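The values are calculated or read from the model by the stated rules, or taken from the named source; none is laboratory data. The structure displayed is predicted, hence computed values, not measured ones. Glycine gets a Cβ as well: all are built from the backbone with ideal geometry, and neighbour counts include every protein chain shown.
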Amino acid sequence: MADEVTNESSFTDPLSFLKAFTAARIAIGHTGASIPIKASLEFKLAHAHARDAVYSAMDMEMLTDRLAQFNLPVLSLQSRAESRASYLQRPDLGRLLDQSAKDIVENQVSGAEVSIVIADGLSALAIHENIVGLLELLIPKLQAANLRLAPICLVQQGRVAIGDEIGKGLQAVLSLVFIGERPGLSAADSMGAYLTYHPRPGLADDSRNCISNIRAGGLPADLAVTKIFYLIQEAFKRKLTGIHLKDNAGLL
Amino acid sequence: MVYQHTIRGKVYSFDNLRVLLAKASPFRTGDALAGLSADTYEERVAAQMTLADIPLKIFLDEAVIPYEIDEVTRLIIDSHDPEGFKTISSFTVGELRDWLLREDTDTIVLKCLEASITPEMAAAVSKLMRNQDLIAVAQKCEVVTRFRNTIGLKGRFSARLQPNHPTDDPRGVAASIIDGLLYGSGDAVIGINPASDSPAAVMKLLVLIDNIRQQFNIPIQSCVLSHVTTTIDLIHQNAPVDLCFQSIAGTETANTSFGVNLSLLEEAWQATLSLNRGTIGNNVMYFETGQGSELSANAHHGVDQQTCEARGYAIARKFKPMLVNSVVGFIGPEYLYDGKQIIRAALEDHFCAKLLGLPMGVDVCYTNHAEADQDDMDNLLTLLGVAGCNFIMGIPGSDDIMLNYQSTSFHDALYLRKVLGLRPAPEFEQWLLQQGITDAKGNISPSGPGMLLSKTAPLWLMK
C-alpha cells in the first residue's frame with residue numbers, strides 16, 4: 001500500500017505572521033513550484049469581480065429613480081463609443097457626446113454653477129454602490145452654499161473628459177464628474193471624482209483635481225464629500241482647478 | 001521616398017518609410033487609435049512585401065523622425081557603427097530576416113552587429129517575423145551585465161523582486177522582500193516603485209533594502225524607481241543608490257513629457273557611477289520602456305508604436321544598463337488590446353532589444369480592462385523563457401497592490417526555471433544554497449524560512 005500523501009500546501013506558511021504588515025499576497029505557500037489551489041482560486045475570484053465590473057452596465061432606470069429625490073432634472077446621455085469594446089479601444093470616442101446627447105444638452109436651461117456628471121467609466125458597479133449615498137451628503141451642502149446645480153447627467157460609455165463638453169454645453173462654471181475607476185484585484189467598486197473649473201473641450205488632466213478610491217472600504221463618502229466641498233469652494237475662490245489648486249487645509 | 005507594391009493589379013503605395021513601417025505592423029489597437037494601421041489584411045501584407053525588398057542602407061538615409069528635430073534620431077545616426085554594418089550592408093530587410101535565422105549566424109556574430117543595426121532596422125525586420133522567428137533569433141543572443149552579480153548568462157533566469165506597498169510602509173515592504181527571497185526571487189534587483197516620489201520617502205526605502213542586503217550578505221542590487229532627478233539629489237546626499245532608474249521612450253518629445261533628456265540621463269549615469277558600489281561590474285542603469293508611451297504623450301510623430309519603442313533602446317544602449325524591461329501590458333487595451341497583442345508586442349520588444357545588445361527583461365503583465373488573464377501570461381512567460389529573456393518581475397501572488405495590475409509571481413519564476421532547466425544568477429544561487437533556502441536541485445527547502453526568519457526580528461519592530 002502506498003504511503004499516504006500529505007498536501008504540503010495545506011501546511012501553515014511560516015511567514016503567515018507577516019500578513020499583518022501588508023495586503024500583498026504573501027505567505028500563500030507552494031505546491032511544487034506552484035501556487036496552491038486555495039490561493040489560486042482566490043486570485044481568480046478577485047479577477048472575475050474586476051472583469052464583471054468592467055463589463056457592468058449602468059442601470060439608468062434605477063439611478064434615475066433614486067436620483068429623483070434631489071428634485072433636479074436627470075438626463076440620460078450616451079458617448080460616441082457605442083459598445084464596451086469600442087469604449088476600451090477608442091478613448092477619444094468616450095470623451096465625446098453622441099448626437100442625441102448633444103441635442104439633449106443643448107436644449108437645457110443653462111447657466112448653473114456646478115454640473116454633476118455621472119459616468120460608468122471602467123466600473124458601473126462603482127457608481128451603483130457609491131453615487132447616491134455620496135450625493136445625499138453633497139447636494140444639500142452645495143445648495144446650502146447657494147450654488148445653483150445643473151441637471152444631473154448620467155453618461156453611458158463615458159470618460160472623464162466628457163464632463164468638459166457637458167459643462168460647456170450647460171454653461172456651468174465647474175464640472176464635477178463621478179466615474180467608475182479601473183477595477184483592481186482588491187476592489188472593483190472604487191469611484192473617482194474629478195473637478196474642472198471653466199470646463200470646455202480640449203482640457204488636459206493637469207486642469208483637474210481628482211479624488212480617488214471613493215468606496216466603503218477606501219475613502220468613505222463623508223470624507224470624500226468634505227474634500228470635494230473644500231475643493232469646490234477653493235476653486236470658486238481662486239477661479240481655477242488643476243495642479244495650481246493645492247490642498248492647503250491638509251484635507252487631501 | 002515612395003515605396004510601391006502591386007498585388008493582383010492593385011498598386012499599393014506608401015509615401016515614406018515611416019508610413020510603410022506602420023502599415024507593415026501586425027495589428028494592435030494603439031496603431032489603429034493613431035490612425036496608422038493598414039486598412040485591410042491585404043494592405044498589411046503588401047506593406048510587409050514592400051518592406052522585405054527595401055535595402056537596409058535606406059534606413060541610414062531616411063529617418064522616420066527628422067534628424068534636426070529629435071535628439072533620439074541624432075543619437076541613432078551618430079552612434080551607428082559603419083564598420084560592423086559592412087557585414088549586412090548589402091541586405092534587404094527580408095534578406096536580413098533570413099540571415100538572422102541561419103545557423104552560422106550565431107551568438108558571436110550577433111554580438112558583433114549590436115551597434116550596426118539601428119532600432120528602425122530591428123523594428124522593420126521584426127515586422128516580417130513570426131513569433132517563432134522572434135524567439136529563435138533572440139535565443140541566440142546573449143547580453144550579460146554585472147553589478148554585485150551576473151545577469152543574462154545562458155541557462156540562467158532572474159527575477160526582479162517587486163515588493164511594492166501603497167503607502168511605502170517599511171514593514172509591509174520588508175515582509176514582501178522576505179517572502180520573495182524565500183522563493184529565490186530578487187537576483188535581477190530588489191526594485192520598489194515608491195508610492196511617493198519625495199526624496200525623504202525614497203531615501204527611507206533605499207536604506208531599508210540596503211540594510212537587509214548587508215545583514216544577510218546577499219549578492220544583489222537594489223533600486224527605488226524614482227525619477228532620475230530625485231535619484232541624483234539622493235546621490236548627492238550619499239544615499240545608498242545601487243541602480244539608477246528611469247522610464248524612457250523613443251522620441252525626444254515623449255522623453256520631455258517624462259522630464260528627461262539625454263544630457264540629464266548622462267548626468268544621472270555619471271553620478272551613479274561615481275558611487276562605485278558595484279563589486280563585480282559597473283552596469284548601473286535600470287530603464288523601463290513600453291509600446292504606446294509615445295502615443296500616450298501625443299509625441300509619436302506618426303511613427304507606429306513598436307518602431308517608437310525600439311528607438312528608445314538606442315537611449316538605453318548608450319548608458320550600458322544593468323537591466324531594461326518593457327512594461328508591456330501595463331499601458332492598457334487602447335494600445336494592446338488582448339493577450340494576443342500583448343504576447344506579440346513582448347516578443348518583439350525582447351527580440352529588438354537583444355539584437356541591439358540590451359539586457360532585456362519583460363514585465364509580463366496586464367490590467368483588468370485588457371482582454372487577458374493568467375493563462376495568457378503563462379503563455380508569454382513560457383515563450384520568453386524559451387527566447388532567453390534575462391528576467392521577469394516577482395510580485396507576491398502576481399498582484400501589485402500599489403500599481404494595481406497583475407504581473408508574474410515569485411512562483412512563476414520558479415516554474416520557469418523548473419520546466420526549462422534554468423537557474424538563478426550564479427552568485428545568488430550560491431547564496432540561496434548557503435542559506436538553505438533552496439537545495440541543489442533548485443527546489444524550495446522546507447527549512448529555509450526558519451533559517452532566515454530567525455534573524456529578521458528587528459525588521460518587524462521598525463516604524
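Below, the figures for the structure above:
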quantity: Residue list for region B:46-78, filter: over 16 Å from B:A123 (Cβ atoms) and hydroxyl-bearing (S, T, Y); calculated: B:Y67
quantity: Checklist (1) of a type outside the set (D, E, K, R); (2) touching a helix residue (DSSP H, G or I) at 6+ places or on another chain (Cβ under 7 Å); (3) without any contact (Cβ under 8 Å) to a residue 40 or more places away in the chain applied to B:I117, failing item; calculated: (3)
quantity: Top-ranked residue in region A:151-191 [being β-branched (V, I, T) and over 13 Å from the mean Cα position of the chain (by Cα); ranked as farthest from B:Y366 (Cα to Cα)]; calculated: A:V173
quantity: Qualifying residue in region B:425-433 (condition: out of contact with any Phe, Trp or Tyr (no Cβ under 6 Å at 6 or more places or on another chain), modelled with pLDDT of 95 or more and among the acidic types (D, E)); calculated: yes
quantity: Qualifying residue in region B:264-274 (condition: outside any helix (DSSP H, G or I) and over 14 Å from the mean Cα position of the chain (by Cα)); calculated: no
quantity: Where a residue in region B:218-247 is more than 25 Å from B:A425 (Cα to Cα) and assigned by TED's automatic domain parsing to the domain that holds B:A271 and its partner, wherever it lies, is among the polar types (S, T, N, Q) and surrounded by 24 or more Cβ atoms within 10 Å (Cβ to Cβ), with Cβ under 9 Å and at least six apart; calculated: B:H227/B:Q246; B:V228/B:Q246; B:T231/B:Q246; B:T231/B:T272; B:I232/B:T272; B:L234/B:S226; B:I235/B:T272; B:A239/B:T231
quantity: Single residue of A:L63, A:L41, A:L45, A:L72 found to be surrounded by 20 or more Cβ atoms within 10 Å (Cβ to Cβ), more than 7 Å from chain B (Cβ to nearest Cβ) and of a type outside the set (S, T, Y); calculated: A:L63
quantity: Single residue of region B:141-187 satisfying the filter (within 13 Å of chain A (Cβ to nearest Cβ) and part of a strand (DSSP E or B)) that is surrounded by the most Cβ atoms within 10 Å (Cβ to Cβ); calculated: B:A159
quantity: Selected residue (criterion: surrounded by the fewest Cβ atoms within 10 Å (Cβ to Cβ)) from residues of region B:122-131 that are within 19 Å of the chain's Cα centre (by Cα) and not aliphatic (A, V, I, L, M); calculated: B:N131
quantity: Entirely in region B:349-463, the helices (runs of 4 or more DSSP H) that have 1 or more residues that are surrounded by 24 or more Cβ atoms within 10 Å (Cβ to Cβ) and more than 14 Å from chain A (Cβ to nearest Cβ); calculated: B:374-387, B:426-434
quantity: Subset tally (residues that are among the acidic types (D, E) and within 13 Å of another protein chain (Cβ to nearest Cβ)) for region A:76-125; calculated: 2
quantity: Unmet criterion (only one of (1) hydroxyl-bearing (S, T, Y); (2) without any contact (Cβ under 8 Å) to a residue 40 or more places away in the chain; (3) crowded, with 17+ Cβ neighbours inside 10 Å) for A:S79; calculated: (2)
quantity: Test result for B:I232, β-branched (V, I, T), in a helix (DSSP H, G or I), surrounded by fewer than 23 Cβ atoms within 10 Å (Cβ to Cβ) and within 14 Å of chain A (Cβ to nearest Cβ); calculated: no
quantity: Scope region B:37-52; condition away from chain A (no Cβ under 14 Å) and surrounded by 14 or more Cβ atoms within 10 Å (Cβ to Cβ); matching residues; calculated: B:A38, B:E43, B:R44, B:V45, B:A46, B:A47, B:Q48, B:M49, B:T50, B:L51, B:A52
quantity: Selected residue (only one of A:G163, A:G167, A:G121 is in a loop (DSSP other than H, G, I, E, B) and within 28 Å of B:N298 (Cα to Cα)); calculated: A:G121
quantity: Failed condition for B:T6, given (1) surrounded by 13 or more Cβ atoms within 10 Å (Cβ to Cβ); (2) not in a helix (DSSP H, G or I); calculated: (1)
